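J.: Please read through the structure below; I'll follow up with questions.
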Amino acid sequence: MGPDAGGPDPGDPDGITVRDPVSAPDADGRPRRVTRRFPLFTRDTARPEGGGRAASGDAPAPARQWPVLTVVLVVGLGLLLTALGVFRWGTLLIGAALLAGAALRWVVPDVGMLAVRSRFTDIATYGVFGLSIALLSLMAQPDPVLEIPFLKDTLHFTVS
């Protein structure tokens, strides 16, 4: 099968270039746009916006990924505190780490592997999860720091 039939392009060494049948044809009647999509499975994905290195390529790997390493290390410290019995401070630290990840995603142009989806989606996800974890840690029993009356009434209504 040749490239006109939608099969592999003989000029491509991998043999996986597929002509996109929906693009406008050129003067010879062949589609203009060429895509690297394979019909059965994905071989590659696009890098998310801001997913470039956070430091130059000459820097060692940890320095290039400092934003995600910062968030992961603070979450790890929060998990350690939680495991050692300091539940409220540990979970509060986890929530703060996710909020810091949202702030880093917003402020720093290239955050490396901290960029998972679009900038808006990452900020919204890190922010909602971070704020939820921080608020829940402040409301944890015994002796909650933060009391929200309607949540207490909702809990009593659903449990009883």
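The values are calculated or read from the model by the stated rules, or taken from the named source; none is laboratory data. Since this is a predicted model, take the numbers as computed values, not measurements. So basically every Cβ, Gly included, is an ideal-geometry build from the backbone, and we count neighbours across all protein chains shown.
J.: Which residues, counting only those in the range 83-99, are farther than 15 Å from Leu135 by Cα and modelled with pLDDT of 95 or more?
T.: If the condition is that a residue be farther than 15 Å from Leu135 by Cα and modelled with pLDDT of 95 or more, then Ala83, Leu84 are the ones that fit.
J.: Which one of these does Gly50 not meet: (1) outside any helix (DSSP H, G or I); (2) modelled with pLDDT of 85 or more?
T.: Failing condition for Gly50: (2).
J.: Please determine, by comparing only the residues of the range 82-124 that are outside any helix (DSSP H, G or I) and surrounded by 17 or more Cβ atoms within 10 Å (Cβ to Cβ), which one is nearest to the chain's Cα centre (by Cα).
T.: It comes out as Ala115.
J.: Moving to a separate point now. Sort through Ala140, Ala102, Ala115 and tell me the only one that's assigned by TED's automatic domain parsing to the domain that holds Val68 and modelled with pLDDT under 85.
T.: One residue alone meets the criteria, Ala140.
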